[in-house]
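Here's the structure, in structure tokens; my notes come after.
The values are calculated or read from the model by the stated rules, or taken from the named source; none is laboratory data. Values in this document were obtained by computation on a predicted structure and should not be read as measured data. Because the Cβ atoms are built from the backbone with ideal geometry, glycine has one as well, and the counts that use them run over all protein chains shown.
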Amino acid sequence: MSDIPLERGAVSVSTRRVGTRLPARVIVALICWLVIAIMAWPLVMSFLASFKPEAEVTAVPPDYLPHSFSLQSYLKVYGYQAGLPTYLFNSFMVAFLTIVFCLALAVPAGYGLARFHVPFKEVLFLVLLASMMIPYQALLTPLFLMFTKLGLTNNHVGLAIIHTILQLPFSVYVMRNAFEGIPRELEEAAIVDGCSPLQILGRIFMPLAMPGMVTVSLFAFIMSWNEFLAALIFMSKETAFTLPVLLTGVIDSFYGSVSWGPLQAGVVVSVIPCIAIYFLLQRYYVSGFLSGAVK
Amino acid sequence: MSHLELKNVSKSFGPVGVLHHVDIEVKDREFVVFVGPSGCGKSTLLRIIAGLEKATSGDVVLDGEVVNHLAAADRGLAMVFQSYALYPHMSVRQNLSFGLENTKTPRDKIEARVAEIARMLRIEELLERKPRQLSGGQRQRVAIGRAMVRRPGVFLLDEPLSNLDAELRVTMRAELAALHKRLDATMIYVTHDQTEAMTLADRIVVLRDGRVEQIGTPLELYNRPANRFVAGFIGAPHMNFLEGRFAGGEAGAARIELDGGHMLSLRIPVRPEGEPITIGVRPHHIETQGGQARIPATVTLVEALGPETVIHAEAEGQPRIVAALAGQRAITSGDTVSLALDERFLHAFDADGRRVTEGEVAEEM
């Protein structure tokens, strides 16, 4: 107990060796590369296609490698309707608010469930998780009617609330596990040191549950960033659209044909923030995921 | 002044009683050790004193004032936890100053106090490190420092040495004893290790199954254990218990026949013939030469420790007798020896485990 094993999982993963005999390692490496190749293929194709000129993108049969370099597709996405900066801003704003709402609710909820005696706590927790089983598409119509009355449509806050609802059960689950992993003696030491429950949360628990909070933020960001249906329904003004809505808009070309070039450019633009955030928080994310999993 | 009293304290978790009517008084500047096997309630008792746990009934009285409903932080106590419970995300300096910051102590005062404690505990060069960069002994010092910094009236220590290796434990034990003298503070220390209890305590409280078995100085407990449990718990190696029964005798000098047929004479009141009695004898009070009662026994194991030789032997009717013989002996496993019990230091316990020889056995000098 002398070592508080917050990062135990992360360490053991990074030092684990996969087979010491050469053939086994080669086979494992080949399998890994194969999986990576399959997963990366569409992304690479999108990336290459986004730099093709219009005519080349729609050519039949298609060519995999671009023959000439063009920013035409990007320019079209950039200038589409209210302009890419507006949509990027909307998406970022909604994702940011979703993260804020998720943390603001999931951190105290997780703390309460992990550390306080709440009557029927396990039942409450199960009910909370059970809400993940309801397809949210079924809720969108009543929610839309309600939000219209409240003036929350075409509004970053409104969409962020929807995204928070979708993401909250998972967030509470992660935060509860993160808080439960913190040794009770630390809490008691803080009590003896004169901390109130809120001070314990702020000064001891939250810094120690940082990996869990990062995990919650990351998942909230990615979900909100990619969410399409609610964004489409609740955002009806073109200045209020988020990126996924832009992507479906930008593919519409004349007479029902699909303009592949701008679509690929849009995909590339929308994927970059996700990748960037993931790389930035990767260390926390992995340890957070494991600390939640093994406790 | 820090005078602590526990009055008729009981604690149960649901239907399970953990502590039963515990009465303990801890005087100012006293070093009291709660000792007992795991699950005896000693840690729970400490936590009740600390205010981390509420007693089901009874009072915790600190300096004449009942503090049952006072929050842990307001009791003027400090606690050192078994796992040290250092805040892993804070440096040693932050760990030390955390408690003072919560009580809104002025910054310069905090710094002065932390510097003083660090000097006292020789951890000055560690102040900027994080707990995970410290060795076990250093963490232990920081944990004690964190308790000291608030100048508490009473220190509560919950098995603070149990995570250290044997060598370091001996060193830290000595440091702790020195610290107690220097701080002049009341200390309550929980351990399951009777050696720690014997070496550190002014007085020892022996607990079993949530009840106080005996309270006394280490030598009182060693010389006059109130019952068979205390007799077996205090002292290493453990006391031998030989089963037997009363076999007559005259007033104040009972004759006891041990299982196996050996006769002993004890200065205890005579009871009806045939009534069972247990004779307790410490391994250090058995010899292989001289003495009065001689029991032939076969040696099953010899532990040559250097300054003494511990032998385990089997006698008729007595399956296992341990003797600690002074010096080095030419005894090997399988030898037959004649065990002589020193009758001056025998203890007698009745069928309920209570001491029968109360007041009648010579003090060991």
message: With the requirement that a residue be of a type in the set (A, V, I, L, M), within 8 Å of chain B (Cβ to nearest Cβ) and touching a residue at least 24 places away in the same chain (Cβ under 8 Å), what does segment A:178-203 give you?
response: A:Leu186
query: Just to be sure, is A:Arg17 at pLDDT below 90 and either away from every other protein chain (no Cβ under 14 Å) or more than 30 Å from the chain's Cα centre (by Cα) (or both)?
result: yes
message: Here are the criteria: (1) of a type outside the set (Ser, Thr, Tyr); (2) within 23 Å of the chain's Cα centre (by Cα); (3) assigned to a helix (DSSP H, G or I). Tell me which single one A:Leu152 does not satisfy.
response: (3)
message: Looking at A:Met213, A:Met206, A:Met235, A:Met175 in this structure, which one is over 30 Å from B:Leu70 (Cβ atoms), within 14 Å of another protein chain (Cβ to nearest Cβ) and among the aliphatic types (A, V, I, L, M)?
response: A:Met213
task: For B:Gly274, indicate whether it is in a strand (DSSP E or B) and more than 30 Å from B:Ala201 (Cβ to Cβ).
output: no
- prompt: So, of the residues in segment B:319-349 that are surrounded by fewer than 16 Cβ atoms within 10 Å (Cβ to Cβ) and either touching a helix residue (DSSP H, G or I) at 6+ places or on another chain (Cβ under 9 Å) or closer than 21 Å to B:Pro218 by Cβ (or both), which turns out to be modelled with the lowest pLDDT?
  reply: B:Arg344
task: For segment B:248-263, state whether one or more residues are in contact (Cβ under 8 Å) with a residue 40 or more places away in the chain, in contact with a Phe, Trp or Tyr (Cβ under 7 Å, 6 or more places away or on another chain) and within 30 Å of B:Ile24 (Cβ to Cβ).
output: no
message: I need the full set of residues from segment A:229-240 which are in contact with a Leu (Cβ under 8 Å, 6 or more places away or on another chain) and more than 16 Å from A:Leu97 (Cβ to Cβ), in order please.
response: A:Leu229, A:Ile233
task: Being modelled with pLDDT of 85 or more, part of a loop (DSSP other than H, G, I, E, B) and not polar (S, T, N, Q) is the filter; apply it to segment A:239-262 and report the residue that is surrounded by the fewest Cβ atoms within 10 Å (Cβ to Cβ).
output: A:Ala240
statement: Filter segment A:73-104 for residues that are among the hydroxyl-bearing types (Ser, Thr, Tyr) and touching a residue at least 40 places away in the same chain (Cβ under 8 Å); the one that is surrounded by the most Cβ atoms within 10 Å (Cβ to Cβ) is A:Thr98
message: Suppose we filter segment B:125-151 for residues that are more than 14 Å from B:Tyr84 (Cα to Cα), modelled with pLDDT of 90 or more and assigned to a loop (DSSP other than H, G, I, E, B); how many remain?
response: 4
- request: Quickly run through segment B:285-342 and pick out the residues that are of a type in the set (D, E, K, R) and assigned to a strand (DSSP E or B).
  value: B:Glu287, B:Arg294, B:Glu303, B:Glu308, B:Glu314, B:Arg320
statement: For strands (runs of 3 or more DSSP E) lying entirely in segment B:21-110, having 3 or more residues that are at the interface with chain A (Cβ under 9 Å from one of its Cβ atoms) picks out B:77-80
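Identify, from the list B:Leu70, B:Leu77, the residue that is free of Cβ contacts under 8 Å to residues at least 60 places away in the same chain and in the same structural domain as B:Gln133 (by TED's automatic domain parsing). Before the answer, list the steps.
Working: B:Leu77 fails: free of Cβ contacts under 8 Å to residues at least 60 places away in the same chain.
None of the other options fit; the residue is B:Leu70.
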task: Return the total of residues in segment B:143-183 being within 23 Å of A:Glu188 (Cβ to Cβ) and within 12 Å of another protein chain (Cβ to nearest Cβ).
output: 16
message: Residue under question is B:Pro160, and the condition is that it be under 20 Å from the mean Cα position of the chain (by Cα) and in contact (Cβ under 8 Å) with a residue 60 or more places away in the chain; does it hold?
response: yes
